[in-house]
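Asker: Pasting a structure below so you can have a look.
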2 protein chains.
Amino acid sequence: MPPCTVNIKHMLMSTSSSPATALITQVISAWQLQNRRVNNIINKLTAEEFYQETAPGRNSGIYLLGHLIAVNDTMLPLLGLGERLYPELDEPFVHRPDRSGQQFPAPEILKGYWQHLNDILTMHFTTLTPDQWLTKHNAISEADFADHPQRNKLNVLLGRIVHQAYHSGQLTFLL
Amino acid sequence: MPPCTVNIKHMLMSTSSSPATALITQVISAWQLQNRRVNNIINKLTAEEFYQETAPGRNSGIYLLGHLIAVNDTMLPLLGLGERLYPELDEPFVHRPDRSGQQFPAPEILKGYWQHLNDILTMHFTTLTPDQWLTKHNAISEADFADHPQRNKLNVLLGRIVHQAYHSGQLTFLL
């Protein structure tokens, strides 16, 4: 399956496009750019490099990749887009720290998960309207959302973009 | 001068707020959050730690802080908001690599620049309308912008948010 892409230029130049649509399209584009940046790093790593620490005593490449998949995967239920694809990754990559005796899937397996998950997410993202992006995510109550309207779906996406960039800065130390 | 902040809740709950305004307000909020995260790291670093490498052979803390200031500073002319505040930082922190014999301002000086610059930027950001965020930035020609409408002011801000997150992931290795 080819990577799912959004034709940003087409969407931004569409005469029916509102400013809000253009803005959200651009945030989705930023998300896709971060995905490509992670791809650019992990596609250059040897199997051996995946298991190296990004800095002395810090997380390994394989741990960070699994962690990014697990955290992105939570967007499916958080944004009401469906069930998680890889909930089994929470235990080794979120609940447990690196090098605590857990088994990791092979790098090639994780790279496949990463690509598939991001294709699915991108496909869903393009179906949400600007107003839907401003509705609450599924980890906050109606009452709390009334007090914190910024805790909406867009906030989740912005948070994930930043989270990927943060760990990309660390993964690049493996190159 | 106290830090310049945007009252996100007020802006999002305002009955006159359009979806586009709410979306852009949230991106500015993400920018402010990244600023606070960098602050949280640099405020914990000792003077000695600022000069340590984030990983063996990698950029030091002082270099990354100067680099972030210089790159954020370019937003002033890029977004048509004014002249740069600290163009003298380009030479030591952008054009030259770390440890190439240049002199650095002291950490406390750079921390002051960082805070002042981000206050000025945030103040300007809140004056731009959604439509203005979708206009071209000043490093692209009208002709190129017609072909690449995503190269607008919002794209510059999203890029800077990601850039800060990327280097924050590295700076945190100094803690």
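The values are calculated or read from the model by the stated rules, or taken from the named source; none is laboratory data. These numbers come from a predicted model, not from an experiment. When we count neighbours, we look across all protein chains shown, and the Cβ atoms used for this are built from the backbone with ideal geometry, even at glycine. For the accessible areas, the whole protein counts, side chains as well, though only heavy atoms, and no ligand, DNA or RNA atoms are used. Shrake-Rupley method; radii C 1.70, N 1.55, O 1.52, S 1.80 Å.
Asker: What is the distance in Å between the Cα centres of the range B:133-175 and the range B:76-98?
Answerer: Going from one Cα centre to the other spans 15 Å.
Asker: Output, in nm with one decimal and in ascending order, the distances from the A:PRO56 label point to the matching label points of the other copies (7 Å from Cα along Cα-to-Cβ).
Answerer: Counterpart label points of A:PRO56 in the remaining copies fall at 0.8 nm.
Asker: Could I ask something else about it? Please work out the FRET efficiency for the pair B:ALA146 and A:ARG151, using the Cβ-Cβ distance as r and a Förster radius of 51 Å; give the result to the nearest 0.05.
Answerer: Efficiency for this residue pair is about 0.85.
Asker: Mind grabbing the accessible area of B:HIS163 for me, 1.4 Å probe, Å², rounded to tens?
Answerer: Surface accessible to solvent at B:HIS163 totals approximately 40 Å².
Asker: What is the angle, in °, between the Cα long axis of helix A:153-171 and the longest principal axis of the Cα atoms in chain A? Nearest 10 is fine, range 0 to 90.
Answerer: Its long axis makes an angle of about 30 degrees.
Asker: Here is a further query. Give me a single rounded figure for B:121-133: the average over its residues of other chain Cβ atoms within 10 Å of their Cβ.
Answerer: Averaged over the peptide's residues, the number is 1.
Asker: Quick one: which residues, 5 or more positions from A:GLU53 or on another chain, have an amide H under 5 Å from its amide H? H modelled 1.01 Å from N in the peptide plane, none for Pro or chain starts.
Answerer: HN-HN under 5 Å from A:GLU53: empty list.
Asker: List the distances, in nm and shortest first, from the label point of A:ARG36 to the matching label points in every other copy, placing each point 7 Å from Cα along the Cα-to-Cβ direction.
Answerer: Label-point distances to the other copies, shortest first: 3.2 nm.
Asker: Please report, in debye to the nearest 20, how large the charge dipole of chain B is about its Cα centre when each Lys and Arg carries +1 at its beta carbon and each Asp and Glu carries -1 there.
Answerer: Result for chain B is approximately 480 debye, rounded to the nearest 20.
Asker: Sticking with this structure for a sec: Sorted from largest down, give the three principal axis spans of the alpha carbons of chain B, whole angstrom values.
Answerer: Principal-axis extents of chain B (Cα, largest first): 50, 39, 28 Å.
Asker: How far is helix B:107-125 tilted, in degrees, relative to the longest principal axis of the Cα atoms in chain B, given as a value from 0 to 90 rounded to the nearest 10?
Answerer: 10
Asker: Leaving ligands, DNA and RNA out of it, rank A:VAL94, B:VAL38 by accessible area with a 1.4 Å probe, largest first.
Answerer: Correct descending sequence by accessible area is A:VAL94, B:VAL38.
Asker: Between chains A and B, what is the buried accessible area summed over both chains (1.4 Å probe, protein heavy atoms, nearest 100 Å²)?
Answerer: For A against B, buried area totals roughly 3200 Å².
Asker: Taking only protein heavy atoms into account and a 1.4 Å probe, give the accessible area per residue of the protein assembly as shown in Å².
Answerer: I get 45 Å² per residue for this part.
Asker: How about the range A:58-105: which trypsin sites (Lys or Arg not before Pro) there lie in a loop by DSSP and see at most 14 other Cβ atoms within 10 Å?
Answerer: A:ARG99
Asker: Let me ask something else. To the nearest 20 debye, what is the magnitude of the charge dipole of the range B:100-175 about its Cα centre, counting +1 on the Cβ of each Lys and Arg and -1 on the Cβ of each Asp and Glu?
Answerer: With Lys and Arg at +1 and Asp and Glu at -1, about 140 debye.
Asker: Over chain A, what percent of the accessible surface lies on carbon and sulfur atoms, probe 1.4 Å?
Answerer: 54
Asker: Tell me the angle of helix A:61-73 to the major Cα principal axis of chain A, expressed in degrees between 0 and 90 and rounded to the nearest ten.
Answerer: The angle comes out at about 30 degrees.
Asker: A follow-up question, please. What average count of beta carbons from other chains do you get within 10 Å of the Cβ of residues in A:151-163?
Answerer: Across the residues of A:151-163, the mean count of other-chain Cβ atoms within 10 Å is 3.
Asker: Roughly how many Å² of A:LYS111 are accessible to a 1.4 Å probe, to the nearest 10?
Answerer: The accessible area comes out at roughly 40 Å².
Asker: State, to one decimal in nm, how far the label point of A:ASN39 lies from the label point of A:GLN52, with both points 7 Å from Cα in the Cβ direction.
Answerer: 2.4
Asker: With only alpha-carbon atoms in the gyration tensor, what are the semi-axes of the equivalent ellipsoid for the protein assembly as shown, in Å, largest first?
Answerer: Square roots of five times the eigenvalues give 29, 29, 19 Å.
Asker: Put a point 7 Å out from Cα along the line to Cβ at A:ALA139; what are the distances to that point in the other copies, in nm, shortest first?
Answerer: Nearest to farthest, the other copies are at 3.4 nm.
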